[in-house]
Amino acid sequence: HSTDFEVHRNWLAITHNLPLSQWYYEATSEWTLDYPPFFAWFEYALSHIAKYFDPQMLVIQNLNYSSQATIFFQRFSVIFTDILFIYAVRECCRCVNGRRAGKDIMEKPTFILAALLLWNFGLLIVDHIHFQYNGFLFGLMLLSIARLCQKRYLEGAALFAVLLHFKHIYVYVAPAYGIYLLRSYCFTANNTDGSLKWRSFSFLHVTLLGLIVCLVSALSLGPFIVLGQLPQVISRLFPFKRGLCHAYWAPNFWALYNAMDKALTVVGLRYNFLDPTKIPKASMTGGLVQEFQHTVLPSVTPLATLICTLISILPSVFCLWFKPQGPRGFLQCIVLCALSSFMFGWHVHEKAILLAILPLSLLSVQRAKDAGIYLILTTTGHFSLFPLLFTLPELPIKILLMLLFTIYSFSSLKSLFRREKSLLNWLETIYLFQLVPLEIFCEIIFPLTPWKLTLPFVPLLLTSVYCALGITYAWLKLYISVLTEPVSVRQKAE
């Protein structure tokens, strides 16, 4: 099992045995509690069920403890909490326009969407093979999206506020929620040309949204504010000393930046532009796990990543405000916010790509243009998760599961938009097909070479850099689509 298995076992033990005042100070294990308070309370609730399976898993000092009962409980808890995800998918399917539906149920947009979400390859391997509770959390997110699409704004806002206090990574898409609620709920009408009718501003609606946010935040952070521990909680949630990149580079802009720095270093050493004695050994043979100074290019600070992220998000937010497209525009903004944060964020996890893939699934069954972008992003993003499953027995499992999901995604969306032109052009198709030889090299050829001992990071580097190209392309293509899209007549009337 993965390190995340031990992470959550440790959190069960911490919340079960220690008083609230020690939850965010306990450091017996290196896997300290670094999720918001609602998730801590979630672990606390699970721990009172876990004690009936194996009390030893709740002993803080039992580091890396594993038993059959422990594995069964933790795996089953993920499956059980996925009930919320299933319900959220059902609600999202109710929001999909069914006018394109064929006679066969398997060609209906709602059926295809349900399959793309419930059978999502990335979510399956991250939660049920690797180990996390993302299905439960994405259930909250999808349910909040469904409520906003159904114009049940207060429910949607409350669900998203709760979600933020379960896992703070969802703050990446908070700008989309904030602007959409302000534009669609706090201002209740548009002019005939689509511009905002300022006199329609509702102070009551703003007050209600503010009360929801304050109430949820008070329930979550209130006890720690009373204890004077809010700075400690914040320091755990945002550990900037972990470095620019995760254990292996997430396929984003910084993966390309790091690769360029390594390439320039090699060239500099080859032609004696650099002094070998001044270059850290890890810069050439290892991943960037902790704080790291680049060799040639300027080193990146947390502030620099924040500025880059905000700048990359702003155009999508402006489009949501000035070119409102209703729920579809909201979903586009969510995906762009998620992708922008993934591209430029600090210490981004490779699994964060799911934050863009799942909402984009809702768009993929509505328009051929979005379906094409979805196929590029989901294929590349899912392939980038392969290094999470690195043991030999897992190799055929991950390949078979991804093949099944990818084949279904392409065939179902092609069938849905069979009257449209091809979803991918020839260059996009060639790029995706090149993932096959890349996987063969990383999994079969490279382990047989002497480079495995001297340059063990090469397969991860190649995977991250190649996938970063595809994800960057999908991000730019979606952005161009949104920026060049005219305001619909229907939306102007609304």
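The values are calculated or read from the model by the stated rules, or taken from the named source; none is laboratory data. Worth saying up front: this structure is predicted, and the values here are computed from it rather than measured. As a convention, Cβ positions derive from the backbone with ideal geometry for all residues, glycine included, and neighbour counts pool all protein chains shown. The protein model used for the area step is the full one, side chains on, heavy atoms only, and it has no ligands, DNA or RNA in it. Shrake-Rupley method; radii C 1.70, N 1.55, O 1.52, S 1.80 Å.
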**Asked** So, of the residues in the stretch 81-111 that are over 21 Å from Met141 (Cβ atoms) and crowded, with 17+ Cβ neighbours inside 10 Å, which turns out to be modelled with the lowest pLDDT?
**Response** Lys108
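For every residue, the table says whether it meets (1) under 21 Å from Val348 (Cα atoms); (2) among the small types (Gly, Ala, Ser).
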{"position": "Ala146", "(1), (2)": "no, yes"}
{"position": "Arg152", "(1), (2)": "no, no"}
{"position": "Ala158", "(1), (2)": "no, yes"}
{"position": "Val171", "(1), (2)": "yes, no"}
{"position": "Ala176", "(1), (2)": "yes, yes"}
**Item:** Trp346 being closer than 28 Å to Leu388 by Cβ, at pLDDT below 95 and more than 13 Å from the chain's Cα centre (by Cα)
**Value:** yes
**Asked** How about the stretch 28-62: which of its residues are among the charged types (D, E, K, R), open to solvent by less than 70 Å² (accessible area, probe 1.4 Å) and within 22 Å of Ile79 (Cα to Cα)?
**Response** Glu43, Asp54
**Message:** Report every pair of residues separated by at least 6 positions or lying on different chains whose Cβ atoms are under 6 Å apart, first residue within the stretch 317-328 and surrounded by 15 or more Cβ atoms within 10 Å (Cβ to Cβ), second assigned to a loop (DSSP other than H, G, I, E, B).
**Reply:** Lys323/Val487
**Message:** Given the condition within 22 Å of Gln132 (Cα to Cα), assigned to a helix (DSSP H, G or I) and open to solvent by less than 40 Å² (accessible area, probe 1.4 Å), answer yes or no: does some residue in the stretch 404-423 qualify?
**Reply:** yes
**Asked** For the stretch 185-236, how many residues are assigned to a helix (DSSP H, G or I), open to solvent by 40 Å² or more (accessible area, probe 1.4 Å) and of a type in the set (Ser, Thr, Tyr)?
**Response** 2
**Request:** Residue by residue through the stretch 174-210, note down the ones that are closer than 15 Å to Pro324 by Cβ, at pLDDT 95 or above and of a type in the set (Gly, Ala, Ser).
**Result:** Ala176, Gly178
**Message:** If I ask for residues that are in a loop (DSSP other than H, G, I, E, B) and either touching a helix residue (DSSP H, G or I) at 6+ places or on another chain (Cβ under 6 Å) or among the basic types (Lys, Arg) (or both), which ones from the stretch 385-403 would you list?
**Reply:** Leu385, Leu389
**Complete:** The correct count of residues that are in a loop (DSSP other than H, G, I, E, B) and among the polar types (S, T, N, Q) in the stretch 48-93 is 5
**Asked** What number of residues within the stretch 357-384 are surrounded by fewer than 24 Cβ atoms within 10 Å (Cβ to Cβ) and not in a helix (DSSP H, G or I)?
**Response** 2
**Request:** Looking for whichever is open to solvent by 10 Å² or more (accessible area, probe 1.4 Å), within 26 Å of His382 (Cβ to Cβ), assigned to a helix (DSSP H, G or I) and small (Gly, Ala, Ser) here; the options are Ala158, Ala176, Ala114, Ala146. Which one fits?
**Result:** Ala114
